[in-house]
Amino acid sequence: MTVKIEDKLFLDRFKVDEESHLRIIDGEICLKKCLQQSCLYLCPGNVYRLEVDRISVRHEGCLECGSCRIACPHLNIEWRFPKGGYGVSHKFG
Ligand code: SF4
Ligand code: SF4
């Protein structure tokens, strides 16, 4: 049986901190200098979304994989783990 990624993500549980642990440092760079905008395509949690005038960050769905920090060609993402007790809990099965 094939298990889809959506089914796997459904097993994860989130305790969301109101304060985001992710921050785009300079939004102008995203819109004016970043050709790849890789954060929009590689994030498994679909955290980054292209809005009319900015890229929004919905930290609530972050899986804490760290990919966005590594892939951003402008080092434009301030990244840290959520505060203790917050963030994702992975269940396997
Ligand atoms: S990859 Fe980095 S610089 Fe490019 S849009 Fe995303 S956050 Fe902005
Ligand atoms: S750490 Fe992973 S899941 Fe979280 S925002 Fe970055 S790419 Fe998305």
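Sort region 5-89 into rounded, prolate or oblate with this rule: let a ≥ b ≥ c be the square roots of the eigenvalues of the Cα gyration tensor; rounded if a/c is under 1.5, and if a/c is not under 1.5, prolate when a/b is larger than b/c, oblate otherwise.
prolate
I'd like the accessible area for Glu60, computed on protein heavy atoms only with a 1.4 Å probe and all protein chains in place. Round to 10 Å², please.
Approximately 90 Å² for this residue.
How would Asp17, Asp26 line up by accessible area, probe 1.4 Å, largest first?
Ranking Asp17, Asp26 by accessible area, largest first, yields Asp26, Asp17.
Identify the trypsin sites (Lys or Arg not before Pro) of region 21-72 meeting these criteria: DSSP loop state and at most 16 other C-beta atoms within 10 Å of the C-beta.
Lys33, Arg54, Arg58
Leaving out ligands, DNA and RNA, what percent of the accessible area of region 5-89 is carbon and sulfur, probe 1.4 Å?
The value for region 5-89 is 54 percent carbon and sulfur by accessible area.
Expressed in nm to one decimal, what extension gain is obtained for the pair Ser67 and His90 from 0.36 nm per residue of sequence separation less their Cα-Cα distance?
Residue separation times 0.36 nm, minus the Cα-Cα distance, leaves 6.6 nm.
Among the aspartates and glutamates, which have Cα under 12 Å from the Cα of Lys91 when same-chain residues fewer than 8 positions away are ignored?
Qualifying aspartates and glutamates at Cα under 12 Å: Asp7, Asp12.
Pulled fully out, how much extra length does the chain show between Lys33 and Asp12, if you take 0.36 nm times their separation in residues and subtract their Cα-Cα distance?
Gain in length upon complete extension: 4.1 nm.
With a 10 Å cut-off between alpha carbons and a GNM built on the chain, which of Cys62, Cys34, Cys43 moves the most?
Cys34
Grab the DSSP H runs of the chain that are 4 residues or longer, score each as -39,500 (n - 2.57), total them, divide by all residues and round the 222 nm result to the nearest 500 deg cm²/dmol.
Counting only the DSSP helices, I get -4500 deg cm²/dmol.
The values are calculated or read from the model by the stated rules, or taken from the named source; none is laboratory data. None of the values given here were measured: they were computed from a predicted structure. Methodologically, a virtual Cβ is constructed for each residue, glycine included, from the backbone with ideal geometry; neighbour enumeration extends over all protein chains shown. For the accessible areas, the whole protein counts, side chains as well, though only heavy atoms, and no ligand, DNA or RNA atoms are used. Shrake-Rupley method; radii C 1.70, N 1.55, O 1.52, S 1.80 Å.
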